[in-house]
1. Looking only at the range 148-176, which residues are closer than 18 Å to residue 119 by Cα, surrounded by fewer than 16 Cβ atoms within 10 Å (Cβ to Cβ) and more than 14 Å from the chain's Cα centre (by Cα)?
2. For the range 114-134, name all the residues that are buried (at least 19 other Cβ atoms within 10 Å of the Cβ) and either modelled with pLDDT of 85 or more or over 16 Å from the mean Cα position of the chain (by Cα) (or both).
3. Where residues in the range 78-101 are farther than 20 Å from residue 33 by Cα and more than 13 Å from the chain's Cα centre (by Cα), which of them is surrounded by the fewest Cβ atoms within 10 Å (Cβ to Cβ)?
4. Let me spell it out: the conditions are (1) part of a loop (DSSP other than H, G, I, E, B); (2) in contact with a strand residue (DSSP E or B) (Cβ under 9 Å, 6 or more places away or on another chain); (3) without any contact (Cβ under 8 Å) to a residue 60 or more places away in the chain, and residue 101 meets all of them except one. Which number is the exception?
5. Would you be able to tell me the number of residues in the range 46-67 that are over 18 Å from residue 165 (Cα atoms) and within 20 Å of the chain's Cα centre (by Cα)?
6. Is there a residue being in a strand (DSSP E or B) and either modelled with pLDDT under 85 or closer than 16 Å to residue 41 by Cα (or both) anywhere in the range 145-160?
7. How many of the residues making up the range 26-81 are touching a strand residue (DSSP E or B) at 6+ places or on another chain (Cβ under 6 Å) and free of Cβ contacts under 8 Å to residues at least 24 places away in the same chain?
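The values are calculated or read from the model by the stated rules, or taken from the named source; none is laboratory data. Note that the structure is predicted; figures quoted are calculated from it, not measured. Neighbour counts are summed over all protein chains in view; Cβ atoms, including those assigned to glycine, are modelled from backbone coordinates with ideal geometry.
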């Protein structure tokens, strides 16, 4: 687990009820090997916020805007694939995880999954807010910096407000 993943998990546990937060999302599909899904999910039973975090090592950061934007684009593409895998496994497998309170819960395979990519790289101030679908998968994913994520959580106190905002944000950026 990276430092940013620990930070995101800790932050989420402080802002959301621990019963809703799942950060250890490893499981073994039938006949397969262990895989890890998204970095964090907020499980509201019928709606799940699936968060994938990407961070840039401080030693690798540059002042070159083009290099940093290229890094983000590459990482966002990978994050979107991880989110797609998460949605696929949640909807097709019987998966259960242990929440931040230590209770094992079976995830509702019919739940609506709202995807979000959060990145940690202070060198980037301008970024694509919606990772649009470039294939026929139809999946558009919200993207925001970790600072914007924290601000959103502080302004919109409940998970359902955050999910509502993310749905609105996706529709807004699809139109504009």
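1. 151, 154
2. Of everything in the range 114-134, those that are buried (at least 19 other Cβ atoms within 10 Å of the Cβ) and either modelled with pLDDT of 85 or more or over 16 Å from the mean Cα position of the chain (by Cα) (or both) turn out to be 114, 115, 116, 117, 118, 119, 120.
3. 101
4. All conditions pass for residue 101, except number (3).
5. Summing the residues that are over 18 Å from residue 165 (Cα atoms) and within 20 Å of the chain's Cα centre (by Cα) in the range 46-67 gives 5.
6. Checking the range 145-160: not a single residue is in a strand (DSSP E or B) and either modelled with pLDDT under 85 or closer than 16 Å to residue 41 by Cα (or both).
7. Of the residues in the range 26-81, 3 are touching a strand residue (DSSP E or B) at 6+ places or on another chain (Cβ under 6 Å) and free of Cβ contacts under 8 Å to residues at least 24 places away in the same chain.
Yes/no per residue for (1) assigned to a helix (DSSP H, G or I); (2) more than 13 Å from residue 40 (Cβ to Cβ):
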site: 72; (1), (2): yes, yes
site: 94; (1), (2): no, yes
site: 109; (1), (2): no, yes
site: 116; (1), (2): no, no
